[in-house]
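One structure follows; several queries about it will come next.
The values are calculated or read from the model by the stated rules, or taken from the named source; none is laboratory data. No experiment lies behind these values; they were computed from the predicted model shown. Ideal geometry is used to build each Cβ from the backbone, glycine not excepted, and the neighbour counts take in all protein chains shown.
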Amino acid sequence: MIYKYDVIIVGGGIAGIVTALTAAENCHVAVVSKVHVTRSHSVAAQGGIAASLGNEEEDHWEWHMFDTVKGGDYLADQDIAEILAREAPAAIVMLEHMGVPFSRNKAGKIDQRRFGGHTRNFGEAPVKRACYASDRTGRAIMDALFDQCNANGVKVHNEVFIQKLLFAGNRCCGVAGYDIANSQPLVFQAKAVVLATGGCGKIFKTTSNGFASTGDGFALALDAGVPLEDMEFVQFHPTGIYGLGILVSEAARAEGGVLRNSDGERFMERYAPTLKDLAPRDIISRAILTEIRNGKGISGADYVHLDVRKIGKERLAQKLPEVTSFVKTYLGIDPSEKLIPVAPTCHYLMGGIPTNSEGHVLMDKSGTEAQGLFAVGECACVSVHGANRLGCNSLIDLVVFGRRVGVTVAAYAKKAVMPQPSAKTEDAMEKKIVSLFKPEGTQHVSSIRETLQQIMTTKCSVFRNQGDLQEALSEIRQLKKQYANVALANKANSFNYELEEALELGNMLKTAEAMVFSALQRKESRGAHYRSDFPERNDGEWLKHTLVYAALEGPIVLYKPVAVTWFKPQERRY
Amino acid sequence: MEVNFKIFRFNPETDETPHYTIFTVKASLTDRILDCLNKIRWEQDNSLSYRMSCAHGICGSDGVTINGSPALACQKLVKDYDYTKEILIEPLKFFPVIKDLIVDMEPFFERIKGISPEKTESPSASPDREHTQTPEERSMFDDAVKCIICACCVAACPVMLKEEPDFIGPAAVLRAQRHIFDSRVTDTEERMKILEEPHGIWSCKSYYRCTQVCPKGIKVTEAILKTKKKILQQLHPKKEQETER
């Protein structure tokens, strides 16, 4: 089956849908999504979306920009952080006009609350910058966007798994994949392709991410010779529900919750005297694990406590209803009375497919644009989050850059002619699928995947070192060999999730290799990338972005400079 | 601990009629039902099909029927059921089954689409500013905002299951309520008229099953009753007076 659109968007989370809605004003757009779009992982975003509206107290986009740059440990491109902070308020108004049911203050304006790393006057004290819809902000935004898609006739192909970017010469001219419902190959021919495939949390054992976050877009890019930028920077959210990894929003600390060790001590006062429990996530995750290493985990185990008791039952019900219900459902705990066991959980990837501010994918360190190929959202690295993303900066990134990419891609498609992908794409797609059913395979998808998640969790998470990373790299290569020999027992065409998970595993292995290799090269500690063997930030040698390419004999890395405009890198204290 | 699961199976490529398979899973009391399904698929039978995504009750993918009642597999734990007996897992009722626990949700999403006017009105606020909405106004539809469109309410609705399969169903009415009671929305009258079409809101007979099963604890029936009242007040003021007398 062949479809033709001006623009095809791969991924139906908030980034993909905002791009689609924006582009749809000027061209014929479709979204393809591996899960039904309202099941995308964007809906799991809880605490808020950052913009310097100043509805509660004085705030300025310059402060937001500074916090974003400092939060990213000065690796964020500052021209891009400026765009994010400047355009954030208008993006919130756009969402509000689309019907997003933001929580309100007494004056009837969008209410705002504090969030980690967001400060007044360049770091003085926390500021109320997070707009929110109780603690279901992502869900509320997604639902309003879904209504808009229906009202504006945006075409969505749900439950389609994309396997390949198609090129005519060096120009991207579509994507190919298959329909999960019946395994039929599908080809989407387009003048421009936008990747909005989200993250890759599932390569770790404990993650807040949903099952679909398997790094699919990263593998599509690497396979097409596109590099990935800053893949070593993975965010571990400090407060995942212990054992499960389900997120307890930073909003719990914004509303007054504090972290406590086995002595009952509010230990963040020692690590971040000014912002304390509202320090950025990389700092808090390291602090928690340091406490645990020093024997201050609860009952000697590998978790600490989140104490939200003083928020009180009523405010919890009002401001954090989802979190309260998760804790009740999964732990049987009433958080207004008891402490919540938490530990860091893999949450977000700062790195991704390199793009400029308009979403054009960049092929090299001099910024050569890939023709017809765009990326946006978590799968992209524009780079606005640098080495560590601040809470609430992800949702605003999706909307600000989704709008920009939507405008650009529509203009691009208007000028372009429909290119012809090479013949037999459908056959090639069928072959790829059939090849996984080969009878001689001996390896199982779930055991390779479990091993990978174990390796990444023990050797490439919050604390890293040369020896661990080297081991992880060779073990992942071993797994790739096993993967080449994987066997599928399920031969069905209809909703064959063994097939889907096998294809996802291939993407996870490629993503993990790129991540570990990038982490191995970066011999410094910056933001979320902490090397025990190189514990200091080293601006002299490492104030630069990593670009990792896939090659036959293994990955290759190159580096490109960071855009520094307003804020000279300083020591990062909170 | 070993727990037995009796699971509905149907493969459209090979089966003429559905059947059930029993699987024994090593599980703990706090395992999610979804964890057990995953253990079955990853360790025993790769061909078992069901949808899942977030695994913590916010995406709405994994609605299934557990021991006869619709629920999210990721939100229910083993200890929520009598695990000394077989736990029965079937697809959501009402919807056509495609494979195993997977049902065709398209008719459901079509109904959700159907409750919106063809073109929604442009916002009433100035383009560079948010609408003003007080916390009280916002609270008029707060419950409906919790909806994750998982369709559990539809699969429990006696009207849809037994009396009137064309009823647009509780989820669609709830979503309409969310807009009709939103002070920012100006085309509420048109939205109410859509609800009054055949198989619309008046087909609801307040069985309260939707409210009982809602994984997000939404008082669905109350929202529907509130909407009926508003329709009477605004579209049929005379009728409303008669009812009150």
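With respect to A:Ala512, is the statement that it is under 22 Å from the mean Cα position of the chain (by Cα), touching a residue at least 60 places away in the same chain (Cβ under 8 Å) and away from chain B (no Cβ under 14 Å) true?
Working: under 22 Å from the mean Cα position of the chain (by Cα): yes; touching a residue at least 60 places away in the same chain (Cβ under 8 Å): yes; away from chain B (no Cβ under 14 Å): yes.
So A:Ala512 fits the description; yes.
Could you check A:Val384 against (1) β-branched (Val, Ile, Thr); (2) within 30 Å of A:Thr457 (Cα to Cα); (3) in contact with a strand residue (DSSP E or B) (Cβ under 7 Å, 6 or more places away or on another chain) and say which number it fails?
Status for A:Val384: all satisfied but (3).
All but one of (1) more than 13 Å from chain B (Cβ to nearest Cβ); (2) hydrophobic (A, V, I, L, M, F, W, C); (3) touching a Ser or Thr at 6+ places or on another chain (Cβ under 9 Å); (4) more than 23 Å from A:Gly257 (Cα to Cα) hold for A:Val43; state the number of the condition that does not hold.
In the conditions (1) more than 13 Å from chain B (Cβ to nearest Cβ); (2) hydrophobic (A, V, I, L, M, F, W, C); (3) touching a Ser or Thr at 6+ places or on another chain (Cβ under 9 Å); (4) more than 23 Å from A:Gly257 (Cα to Cα), A:Val43 misses (1) alone.
Residue by residue, here is whether (1) of a type outside the set (S, T, N, Q); (2) outside any loop (DSSP other than H, G, I, E, B); (3) surrounded by 24 or more Cβ atoms within 10 Å (Cβ to Cβ) holds:
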| position | (1), (2), (3) |
| --- | --- |
| B:Glu136 | yes, yes, no |
| B:Val154 | yes, yes, yes |
| B:Leu161 | yes, yes, no |
| B:Ala172 | yes, yes, yes |
| B:His179 | yes, yes, no |
| B:Arg191 | yes, yes, no |
| B:Pro198 | yes, no, no |
| B:Gly217 | yes, no, no |
| B:Lys226 | yes, yes, no |
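Go through the stretch A:484-507 and give me each residue that's touching a residue at least 24 places away in the same chain (Cβ under 8 Å), facing another protein chain (nearest Cβ under 9 Å) and surrounded by fewer than 16 Cβ atoms within 10 Å (Cβ to Cβ).
Passing the criteria: only A:Lys491.
Being among the charged types (D, E, K, R) and either closer than 21 Å to A:Glu322 by Cα or within 14 Å of another protein chain (Cβ to nearest Cβ) (or both) is the filter here, so list the residues in the stretch B:173-221 that pass it.
Selection gives B:Arg175, B:Arg178, B:Asp182, B:Arg184, B:Asp187, B:Glu190, B:Arg191, B:Lys216, B:Lys219.
Related question: Note down all Cβ pairs under 6 Å where the first residue falls in the stretch B:112-137 and is at the interface with another protein chain (Cβ under 7 Å from one of its Cβ atoms), the second is assigned to a loop (DSSP other than H, G, I, E, B) and at pLDDT below 80, and they're at least six residues apart or on different chains.
B:His131/B:Ala125
Same structure, new question: Restricting to the stretch A:278-332, name every residue that is among the acidic types (Asp, Glu) and within 30 Å of B:Asp143 (Cβ to Cβ). Spell out how you get there, then give the answer.
Taking the stretch A:278-332 as the starting set, the residues that turn out to be among the acidic types (Asp, Glu) are A:282, A:291, A:302, A:307, A:314, A:322.
Answer for the stretch A:278-332, where residues must be among the acidic types (Asp, Glu) and within 30 Å of B:Asp143 (Cβ to Cβ): A:Asp307, A:Glu314, A:Glu322.
Here is a follow-up. Taking the stretch A:56-113 as the search range and keeping residues that are under 22 Å from the mean Cα position of the chain (by Cα) and among the hydroxyl-bearing types (Ser, Thr, Tyr), which one is farthest from the other protein chains (Cβ to nearest Cβ)?
Of everything passing the filter in the stretch A:56-113, A:Tyr74 is farthest from the other protein chains (Cβ to nearest Cβ).
Please state which of the following conditions A:Gln420 fails to meet, knowing it meets all the rest: (1) polar (S, T, N, Q); (2) surrounded by 20 or more Cβ atoms within 10 Å (Cβ to Cβ); (3) farther than 30 Å from A:His64 by Cα.
With respect to (1) polar (S, T, N, Q); (2) surrounded by 20 or more Cβ atoms within 10 Å (Cβ to Cβ); (3) farther than 30 Å from A:His64 by Cα, A:Gln420 is out only on (2).
Counting residues that are buried (at least 23 other Cβ atoms within 10 Å of the Cβ) and more than 11 Å from chain B (Cβ to nearest Cβ), which strands (runs of 3 or more DSSP E) fully inside the stretch A:114-190 reach at least 2? Break it down stepwise before answering.
Values: elements: A:125-131, A:155-158, A:160-168, A:171-179.
Answer list for the stretch A:114-190: A:125-131, A:160-168, A:171-179.
Do any helices (runs of 4 or more DSSP H) entirely within the stretch A:195-282 hold 2 or more residues that are more than 21 Å from the chain's Cα centre (by Cα), and if so, which?
Working: elements: A:216-223, A:251-254, A:268-271.
So the answer is A:251-254, A:268-271.
Also, quick follow-up: On the basis of being modelled with pLDDT of 95 or more and more than 30 Å from A:Asp111 (Cβ to Cβ), does A:Phe236 make the cut? First the steps, then the outcome.
Working: modelled with pLDDT of 95 or more: yes; more than 30 Å from A:Asp111 (Cβ to Cβ): no.
Here the answer is no, as A:Phe236 does not meet what is asked.
Output the residues belonging to the stretch A:87-113 that are of a type in the set (A, V, I, L, M) and assigned to a loop (DSSP other than H, G, I, E, B).
As a first pass, look at the stretch A:87-113 and keep what is of a type in the set (A, V, I, L, M): A:88, A:90-95, A:98, A:100, A:107, A:110.
Passing the criteria: A:Met98, A:Val100, A:Ala107.
Give all pairs with beta carbons closer than 8 Å in which a residue from the stretch A:440-453 that is in the same structural domain as A:Ala502 (by TED's automatic domain parsing) meets a residue that is loosely packed, with under 15 Cβ neighbours inside 10 Å and of a type in the set (D, E, K, R); count only pairs at least 6 apart in sequence or on separate chains.
What qualifies is A:Ser446/B:Glu43.
A:Arg253 passes all but one of (1) at pLDDT 95 or above; (2) outside the structural domain of A:Ser285 (by TED's automatic domain parsing); (3) crowded, with 22+ Cβ neighbours inside 10 Å; which number fails?
The one condition A:Arg253 does not meet is (2).
While we're looking at this one, here's another question. Going by what's in this entry, would A:Lys480 be described as at pLDDT 95 or above and charged (D, E, K, R)? Even if it seems obvious, please write down each step before you answer.
Details: at pLDDT 95 or above: yes; charged (D, E, K, R): yes.
Judged against the criteria, A:Lys480 is a match.
So how many residues does the stretch B:28-51 have that are buried (at least 22 other Cβ atoms within 10 Å of the Cβ) and of a type in the set (A, V, I, L, M)?
Counting residues in the stretch B:28-51 that are buried (at least 22 other Cβ atoms within 10 Å of the Cβ) and of a type in the set (A, V, I, L, M) gives 4.
To continue, here is another question. Just to be sure before I move on: is A:Gly47 surrounded by fewer than 22 Cβ atoms within 10 Å (Cβ to Cβ) and part of a loop (DSSP other than H, G, I, E, B) in the structure I sent?
Numbers: surrounded by fewer than 22 Cβ atoms within 10 Å (Cβ to Cβ): no; part of a loop (DSSP other than H, G, I, E, B): yes.
No: the conditions fail for A:Gly47.
In the stretch A:461-483, what count of residues is obtained for those that are under 22 Å from A:Ala212 (Cα atoms) and free of Cβ contacts under 8 Å to residues at least 60 places away in the same chain? I'd like the intermediate steps shown before the answer.
Residues of the stretch A:461-483 under 22 Å from A:Ala212 (Cα atoms): A:461, A:476, A:479-480, A:483.
From what's left, free of Cβ contacts under 8 Å to residues at least 60 places away in the same chain: A:476, A:479-480, A:483.
Result for the stretch A:461-483: 4.
Give the residue that is nearest to the other protein chains (Cβ to nearest Cβ), with candidates limited to residues of the stretch B:139-152 that are assigned to a helix (DSSP H, G or I) and touching a residue at least 12 places away in the same chain (Cβ under 8 Å).
The first filter runs over the stretch B:139-152 and keeps only residues assigned to a helix (DSSP H, G or I), leaving B:139, B:142-145, B:152.
Filter once more, keeping what is touching a residue at least 12 places away in the same chain (Cβ under 8 Å): B:143-145, B:152.
On the way: B:Asp143: 11, B:Ala144: 9, B:Val145: 5, B:Cys152: 14 Å.
Of everything passing the filter in the stretch B:139-152, B:Val145 is nearest to the other protein chains (Cβ to nearest Cβ).
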